[in-house]
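Q: Before anything else, here's the structure in question.
The values are calculated or read from the model by the stated rules, or taken from the named source; none is laboratory data. The model shown is predicted, which means the values in this text are computed figures rather than measured ones. For neighbour counting, all protein chains shown are included, and Cβ atoms are generated from backbone atoms with ideal geometry for every residue, glycine included.
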Amino acid sequence: MRKFLVILDDSRECLNAMRFAAMRATNTGGGVTILSVIPPDEFNHWIGVADIMREEARERIIVHFEVFAKWMRDRQGIDPELVIREGEAVSEILAQIQEDPDIGVLVLGAGTEKSGPGPLIASMTKQAGFLPIPMTLVPGEMSKERLESIT
């Protein structure tokens, strides 16, 4: 089964990427893997404090994931998989793609700021020519109705 890999972060555009991935998975008989990457610089503290912060970050991710997962299950009939990795976002995304041969499309939400689509897209675009799968960029301002019509 082909899976859509979508990145869970705190950005507004993440919502449209989640919607797109779930709708495409539903319409093509695929699945969704939601990846959240915890940056390494969040844990530059003493070992005990770093462990507590790491656990709190994981708990926040799981709570955030459950909101999207419930919508995907209830509205799209998709039961997404959550993967949490620690490290630099681009290298962890690439590692996840390499480790899971069922991932067929990377879905990223594009920001609407004047400064550009966001640092993740800027970084991933540099890797685009070397990716083993296509990358789909979903505009952050695209309406839910428009997403439904194109998926």
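Q: Do we find a residue being within 19 Å of L15 (Cα to Cα), β-branched (V, I, T) and out of contact with any strand residue (DSSP E or B) (no Cβ under 7 Å at 6 or more places or on another chain) anywhere in the range 63-81?
A: Yes, that holds for at least one residue.
Q: Hey, another quick one. Residues F4, F20: which one is in contact with a strand residue (DSSP E or B) (Cβ under 6 Å, 6 or more places away or on another chain) and not in a strand (DSSP E or B)? First the steps, then the outcome.
A: Values: F4 fails: not in a strand (DSSP E or B).
Exactly one residue qualifies, and that residue is F20.
Q: Cβ-Cβ below 8 Å, separation at least six or inter-chain, first residue in the range 28-54 and on the phi > 0 side of the Ramachandran plot and of a type outside the set (F, W, Y), second at pLDDT below 85 and in a loop (DSSP other than H, G, I, E, B): which pairs?
A: Listed pairs, sorted by first residue: G29/M1.
Q: Could we say that V49 is touching a helix residue (DSSP H, G or I) at 6+ places or on another chain (Cβ under 6 Å), in a helix (DSSP H, G or I) and either at pLDDT below 95 or surrounded by fewer than 17 Cβ atoms within 10 Å (Cβ to Cβ) (or both) here? Reasoning before the result, please.
A: Details: touching a helix residue (DSSP H, G or I) at 6+ places or on another chain (Cβ under 6 Å): no; in a helix (DSSP H, G or I): yes; either at pLDDT below 95 or surrounded by fewer than 17 Cβ atoms within 10 Å (Cβ to Cβ) (or both): yes.
It is false that V49 is touching a helix residue (DSSP H, G or I) at 6+ places or on another chain (Cβ under 6 Å), in a helix (DSSP H, G or I) and either at pLDDT below 95 or surrounded by fewer than 17 Cβ atoms within 10 Å (Cβ to Cβ) (or both).
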